[in-house]
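**Student:** So that we are looking at the same thing, I have put the structure below in structure tokens.
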Amino acid sequence: DDDTNIPQIYISEIADPADNYDARFIEIHNPTAEDVDLGATSWTLIVYFNANTSGTEIPLTGVIPAGGLYIIAKDDFAYSESYPAAPIPDQFDGGINSNGDDNFELRFGGEALTGSLVDIYGIPGIDGTGFEQEFTDSQVTRNVTSPNAIFTQGEWVITPEATTAEMTPGALG
């Protein structure tokens, strides 16, 4: 639908800490001047594990405030223990269990078959092991301020062997 104004939110950080796999999380940034109600507009995060072409769909709930961040954490206890100064995650989901070779899509208005692809990390159907997109035991941060529906490695910075002390949930960059 060309009349629909899709908010330009994007994945800003992916965490697979080397010292605590249960402290994994994904952060989404809303750089716009308007709040984004994720549930009202059916936003979905899709995780493609390994080389799968069908993903695990995580419907997103809540609101990302204008200029704000939204955190989806794998495990509430591990997150709070590992990031005591960070904001409380907006959502918990065990599906945020990427071991560094997986792919992510952020979709608006539905799921994999019905939603519009807004942002992507990796290439669904391709196991990232050994490729430049691999982030095993690492932190991935975005170096651009807008989404991209085509995976472009140059838009991402991978910090290898990153621990929970190096992750930055709730802070850009």
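The values are calculated or read from the model by the stated rules, or taken from the named source; none is laboratory data. In this text, all values refer to a predicted model and were calculated from it rather than measured experimentally. As a convention, Cβ positions derive from the backbone with ideal geometry for all residues, glycine included, and neighbour counts pool all protein chains shown. Note: accessible area is taken over every heavy atom of the protein model, side chains too, but ligands, DNA and RNA are not part of it. Shrake-Rupley method; radii C 1.70, N 1.55, O 1.52, S 1.80 Å.
**Student:** Rounded, prolate or oblate, given the Cα gyration tensor of the range 51-116, with a/c below 1.5 counting as rounded?
**Tutor:** oblate
**Student:** Tally up the carbon and sulfur contribution to the accessible surface of the range 74-173 as a whole percent, 1.4 Å probe, everything protein left in place.
**Tutor:** The value for the range 74-173 is 54 percent carbon and sulfur by accessible area.
**Student:** If you take the charge dipole of the range 91-173 about its Cα centre, with +1 on Lys and Arg Cβ and -1 on Asp and Glu Cβ, which of A112, S138, G100 is farthest toward its positive end?
**Tutor:** So the residue we want is A112.
**Student:** What translational diffusion coefficient, to the nearest whole µm²/s, does the chain have by Stokes-Einstein, given a Kirkwood radius computed over alpha-carbon pairs, a temperature of 20 °C and 1.002 mPa s viscosity?
**Tutor:** 136 µm²/s
**Student:** Next question, about the same structure. Which cross-chain or sequence-distant (5 or more) residues have an amide H under 5 Å from the amide H of V36, H modelled 1.01 Å from N in plane?
**Tutor:** Placed amide hydrogens put I64, A66 under 5 Å from V36.
**Student:** Given Cα pairs under 8 Å that are at least 6 residues apart, what percent is the relative contact order of the range 1-89?
**Tutor:** Once normalised by length, the contact order is 29 percent.
**Student:** For the range 77-131, which chymotrypsin sites (Phe, Trp or Tyr not before Pro) are in a loop by DSSP, counting at most 13 other Cβ atoms within 10 Å?
**Tutor:** Passing sites in the range 77-131 are F131.
**Student:** Using 0.36 nm per residue, how much length does the chain from S54 to N143 gain when fully extended, once their Cα-Cα distance is taken away?
**Tutor:** Extra length from S54 to N143 when fully extended: 29.3 nm.
**Student:** On average, how much accessible surface per residue is there in the chain, in Å², for a 1.4 Å probe, leaving out ligands, DNA and RNA?
**Tutor:** 45 Å²
**Student:** List the GluC sites (Glu not before Pro) within the range 18-117 that DSSP assigns to loop and that have no more than 13 neighbouring Cβ atoms inside 10 Å.
**Tutor:** E34
**Student:** Could you run the Karplus curve 6.51 cos²θ - 1.76 cosθ + 1.60 with θ = phi - 60° over the range 29-35 and give me ³J(HN,Hα) per residue in whole Hz, x for Gly and Pro?
**Tutor:** For the range 29-35, the Karplus-derived couplings read 10, 10, x, 7, 8, 10, 5 Hz, x marking Gly and Pro.
**Student:** Another question, if that's okay. What is the dipole size for the chain, taken about its Cα centre, with +1 at each Lys and Arg Cβ and -1 at each Asp and Glu Cβ, in debye to the nearest 20?
**Tutor:** Its charge dipole is roughly 120 debye.
**Student:** If you don't mind, there's one more thing I want to ask. How high is the relative contact order of the range 1-153? Use alpha-carbon pairs under 8 Å, at least six apart in sequence, and give a whole percent.
**Tutor:** Across the range 1-153, relative contact order equals 29 percent.
**Student:** So if I take the centroid of the Cα atoms in the range 1-71 and the same for the range 93-147, what is the distance between those two points in Å?
**Tutor:** 10 Å
**Student:** Still on this structure, please answer the following. Explain nothing, just the number: relative contact order of the range 67-173, from Cα pairs under 8 Å at least 6 residues apart, as a whole percent.
**Tutor:** Relative contact order, the range 67-173: 26 percent.
**Student:** Moving to a separate point now. I'd like the Karplus ³J(HN,Hα) series for the range 120-128: coefficients 6.51, -1.76, 1.60, θ = phi - 60°, whole numbers in Hz, and an x wherever there's a Gly or Pro.
**Tutor:** Once rounded to whole Hz, the list reads 8, 10, x, 10, x, x, 10, 6, x.
**Student:** Hey, another quick one. Which ³J(HN,Hα) values in Hz, rounded to whole numbers, follow from the phi angles of the range 55-61 under the Karplus curve 6.51 cos²θ - 1.76 cosθ + 1.60, where θ = phi - 60° and Gly and Pro get x?
**Tutor:** Along the range 55-61, the couplings run x, 8, 8, 10, x, 8, 10 Hz.
**Student:** How large is log10 I(q)/I(0) at q = 0.21, 0.24, 0.29 Å⁻¹ when the Debye formula is applied to the Cα atoms of the range 19-58, each weighted equally and without solvent?
**Tutor:** Evaluating at q = 0.21, 0.24, 0.29 Å⁻¹ gives log10 I(q)/I(0) of -0.90, -0.98, -1.06.
**Student:** Summing -39500 (n - 2.57) over the DSSP H runs of n ≥ 4 in the chain and dividing by its residue number, what mean residue ellipticity at 222 nm do you reach, to the nearest 500 deg cm²/dmol?
**Tutor:** Rounded to the nearest 500, it is -1000 deg cm²/dmol.
**Student:** Once Rh for the range 89-173 is found with the Kirkwood sum over Cα pairs, what is the Stokes-Einstein diffusion coefficient at 25 °C and 0.890 mPa s, in µm²/s?
**Tutor:** Rounded to a whole number, D works out at 175 µm²/s.
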